[in-house]
Amino acid sequence: MTIDKKCLINWVGGKRLLRKTIAPLIPEDIVSYIEPFGGGGWVLFYKDQWADLEVYNDLDSRLVNLFRIVKYHPNAFIEEYSLLLGSREMFFQFLNATPVTDIQKAVQFYYLITRSFGGRGDTFGTVKKTSGGASKSQKNVPLKITAIHERLDKVLIENRDFEKLITQYDHEGAFFYCDPPYSKGCGYEVTSTKDFEHERLRNVLGKIKGRFLLSYDDSPKIRELYKGFEMIEVERLNGINNREGTKRNKMFKELLIANYPIKELHERRAD
Ligand SMILES: C[S@@+](CC[C@H](N)C(=O)[O-])C[C@H]1O[C@@H](n2cnc3c(N)ncnc32)[C@H](O)[C@@H]1O
């Protein structure tokens with residue numbers, strides 16, 4: 001069995017299916033690598049190291065607590081997690097509970113995310129024909145936690161709004177991979193799609209000294225907002241129910257936008 005050690009959780013809007021397209025567009029001469037909208041960190045974890053200084057940030061403190069505990073207390077996490085069962089009662093107990101310690105908080109959040117449908121953390125994910133979903137094996141968890149613990153060794157973990165974070169870490173050698181909530185679709189615990197301030201992000205990115213690469217859903221609003229920047233269209237499979245080779249495949253268009261030349265890098269990769 002192969003284990004994807006380079007990620008911890010599936011996260012709504014996570015870039016699992018685009019990380020191989022995004023990675024070659026990240027310049028090699030960057031001094032620092034910053035992800036203001038970290039989520040499950042699929043691009044960050046794709047490579048062993050992007051730069052000497054790496055920053056993971058998200059406004060959602062549940063994610064930040066999870067990664068901090070994995071970074072600083074991996075063994076306590078593994079021990080606590082090993083006591084859990086694939087149980088509906090336990091799932092709903094955690095969903096409605098207020099954990100006492102940060103370790104419990106991290107473990108229960110991880111449990112809810114990994115055992116729910118689509119990683120949303122709110123529905124007990126049962127399946128009819130395989131051993132996935134809520135009844136999945138826990139054997140690989142220690143391996144994953146240890147791998148992410150090692151990867152996070154030099155990664156700074158922040159819990160700030162994107163504007164403060166970008167302003168704080170900006171300099172000529174800085175690189176920001178930005179993956180904000182889409183302009184359409186479901187939102188997050190910290191911001192609904194309707195409330196996310198896309199214009200504010202555009203204004204912040206328009207002023208930075210460093211470079212940015214931005215991923216978004218392909219919409220007229222985003223195209224208009226980033227008019228003048230280099231943009232490429234990419235496609236990925238849409239949704240968790242679409243598996244390669246099934247008739248249900250539907251493609252979803254995304255935009256990659258940057259303040260440095262990415263078209264050439266993208267074409268070179270396609271050769
Ligand atoms: C599309 S997801 C990022 C997914 C991530 N790239 C991955 O691969 O899993 C967007 C993230 O932005 C975070 N977010 C929303 N509003 C934010 C804000 N104002 N500042 C920082 N993070 C924010 C959400 O909590 C969510 O995790």
*Among the residues of the range 152-170 satisfying the criterion of being away from the ligand (no atom under 14 Å from the Cβ) and not acidic (Asp, Glu), which is nearest to ILE9 (Cα to Cα)?*
LEU152
*Residues being among the polar types (S, T, N, Q) and outside any helix (DSSP H, G or I): count how many of those fall in the range 106-123.*
2
*asked:* Quick check on LYS15: is it under 21 Å from ILE166 (Cβ atoms), modelled with pLDDT under 95, within 14 Å of the ligand (Cβ to nearest atom) and in a loop (DSSP other than H, G, I, E, B)?
replied: yes
*Can you find even one residue in the range 187-202 that is touching an Asp or Glu at 6+ places or on another chain (Cβ under 8 Å) and more than 10 Å from the ligand (Cβ to nearest atom)?*
no
*If you check VAL190 against the conditions, is it among the β-branched types (Val, Ile, Thr), modelled with pLDDT of 95 or more and not in a strand (DSSP E or B)?*
no
*Test result for LEU156, in a strand (DSSP E or B) and surrounded by fewer than 19 Cβ atoms within 10 Å (Cβ to Cβ)*: yes
*Considering the range 119-131 alone, what residues qualify as being at pLDDT below 75 and either crowded, with 19+ Cβ neighbours inside 10 Å or under 17 Å from GLY14 (Cβ atoms) (or both)?*
none
*Which of the following residues is under 18 Å from ARG68 (Cβ atoms) and out of contact with any Cys (no Cβ under 6 Å at 6 or more places or on another chain): LYS154, LYS139?*
LYS154
*Select from the range 84-97 the residues that are modelled with pLDDT of 90 or more and assigned to a loop (DSSP other than H, G, I, E, B) and write down the one among them that is surrounded by the fewest Cβ atoms within 10 Å (Cβ to Cβ).*
ASN96
*Scan GLU79, GLU28 and give me the residue that is more than 8 Å from the ligand (Cβ to nearest atom), free of Cβ contacts under 8 Å to residues at least 24 places away in the same chain and assigned by TED's automatic domain parsing to the domain that holds ASP217.*
GLU28
_In the range 22-44, residue nearest to VAL64 (Cα to Cα) [restricted to those that are assigned to a helix (DSSP H, G or I) and hydrophobic (A, V, I, L, M, F, W, C)]_ = LEU44
*Taking the range 61-76 only, how many residues are in a helix (DSSP H, G or I) and more than 16 Å from the ligand (Cβ to nearest atom)?*
6
*Residue check, ILE208 against (1) modelled with pLDDT under 95; (2) within 16 Å of the ligand (Cβ to nearest atom), all met but one. Which one?*
(1)
*Give the residue, chosen from TYR72, TYR46, that is surrounded by fewer than 23 Cβ atoms within 10 Å (Cβ to Cβ) and under 16 Å from SER215 (Cβ atoms).*
TYR46
*Residue in the range 35-52 that is farthest from the ligand (Cβ to nearest atom), counting only those that are of a type in the set (D, E, K, R) and touching a helix residue (DSSP H, G or I) at 6+ places or on another chain (Cβ under 8 Å)*: ASP48
*What is the number of the single condition among (1) touching a helix residue (DSSP H, G or I) at 6+ places or on another chain (Cβ under 8 Å); (2) closer than 30 Å to LEU265 by Cβ that LEU95 does not meet?*
(2)
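The values are calculated or read from the model by the stated rules, or taken from the named source; none is laboratory data. Just so it is clear, the model here is predicted, and its values are computed rather than measured. Glycine gets a Cβ as well: all are built from the backbone with ideal geometry, and neighbour counts include every protein chain shown.
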